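No value in this document is a laboratory result; all are computed from the given coordinates. Since the structure is predicted, the reported quantities are computational estimates derived from the model, not experimental observations. Counting neighbours? That spans all protein chains shown, and the Cβs are built from the backbone with ideal geometry, glycine included.
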């Protein structure tokens, strides 16, 4: 059973519907016991970093998530679900899950670019991306849909599978062992996004 974590912040319906289209059996849940029992785990999210972490801890979901990751349960973080994996964010003062070393930074761009970075943008594969199972069948330079004002700056660049250009290159997908995380929204990214979700379902 794939569990989509409900912590009150995220487009849960569109994520779960996209997973069902990809052939998954899905449960949307805010229960720690369901997170602990999940065969695969998805943490989506739209909103502020501090509020999200406060909600995860208030609902007693943060520890089950980190325990599931440590035990090898496949994890897919989407947008805010990527950023929460890191230690801290410039968006606030609350510590993140700390699964990945590094920080989340705010875009500082010059006109005509704007913050948030919103809309379709191209992803570029880094050398290690060729072995990433979630990218099988997805061509390099594919377009995905983004909505975000902050981006992750990992301490270890070896975990970056995809980069995207917006004023400067930023990490748009992370991959370490069975932890996968995208800054873009695969559930809003048409064929390429559905293929990524199918790859996660069949992982």
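Within the stretch 160-199, the set of residues being buried (at least 21 other Cβ atoms within 10 Å of the Cβ) and outside any strand (DSSP E or B) comprises 183, 184, 186, 187, 189, 193, 196, 197. Answer with yes or no whether residue 165 is touching a strand residue (DSSP E or B) at 6+ places or on another chain (Cβ under 9 Å) and either closer than 24 Å to residue 48 by Cβ or free of Cβ contacts under 8 Å to residues at least 40 places away in the same chain (or both). No, not satisfied.
The set of residues from the stretch 127-159 being in a loop (DSSP other than H, G, I, E, B) and either within 16 Å of the chain's Cα centre (by Cα) or more than 20 Å from residue 79 (Cβ to Cβ) (or both) comprises 132, 136, 137, 139, 140, 141, 149, 155, 156.
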